[in-house]
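Take a look at the structure below.
The values are calculated or read from the model by the stated rules, or taken from the named source; none is laboratory data. If you're wondering where the values come from, they're calculated on a predicted model, not measured in any experiment. So basically every Cβ, Gly included, is an ideal-geometry build from the backbone, and we count neighbours across all protein chains shown. SASA here: full protein model, heavy atoms, side chains in, ligands and nucleic acids out. Shrake-Rupley method; radii C 1.70, N 1.55, O 1.52, S 1.80 Å.
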Amino acid sequence: MKERITRFMQGRYGIDQFTNFLVFAALIMLIIEMFIKVPVIRFLFNVLSVAAIFYSYFRILSRNHSKRFAENERYMKFHNNIKFFIAREKSHMQQRKTHHIYKCPNCKQSIRVPKGKGRIAITCPKCHTEFVKRS
Ligand SMILES: [Zn+2]
């Protein structure tokens, strides 16, 4: 039996990050679906989660490695963008406790200024424009 599975899986693409994401997304949609009262939306979530599961099976069993690899690359790019965005927002939020972040009126460069120093003149490090703000 194990041998038959091994033979069946030979040359197949297998699991990658994108498949993991699809399965995870399907699971989340199935959970959300349980709380939805509107039949049309419920149906939509049902169809989407089933489609995601079918698609992940299709990808695991696929023999077209280069196409699946390209899909995964695209997914990873998207994944990293989101990760980068969240990390940046998080660090901004932490900085906002102790710092103000102003934009240079001339070149739109973000400038970090410590809080609680009263009225201060800020010189843009990029274009050297000077502007006054309360910190
Ligand atoms: Zn500037």
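Here are some notes:
- Among the criteria (1) assigned to a helix (DSSP H, G or I); (2) under 30 Å from K133 (Cβ atoms), the one I101 does not fulfil is (1).
- Set K90, K108: member being modelled with pLDDT of 90 or more, within 16 Å of the ligand (Cβ to nearest atom) and either within 32 Å of the chain's Cα centre (by Cα) or not in a strand (DSSP E or B) (or both): K108
- Among residues of the range 42-61, those that are open to solvent by less than 80 Å² (accessible area, probe 1.4 Å) and either free of Cβ contacts under 8 Å to residues at least 12 places away in the same chain or not polar (S, T, N, Q) (or both), counted: 10
- Residue match in the range 28-45 (condition: in contact with a helix residue (DSSP H, G or I) (Cβ under 6 Å, 6 or more places away or on another chain) and under 17 Å from I15 (Cβ atoms)): no
- Within the range 111-127, the set of residues being open to solvent by less than 60 Å² (accessible area, probe 1.4 Å) and either within 10 Å of the ligand (Cβ to nearest atom) or not small (G, A, S) (or both) comprises I111, V113, P114, I120, I122, C124, C127.
- Yes/no for K67 being more than 28 Å from Q10 (Cα to Cα), free of Cβ contacts under 8 Å to residues at least 24 places away in the same chain, open to solvent by 60 Å² or more (accessible area, probe 1.4 Å) and assigned to a helix (DSSP H, G or I): no
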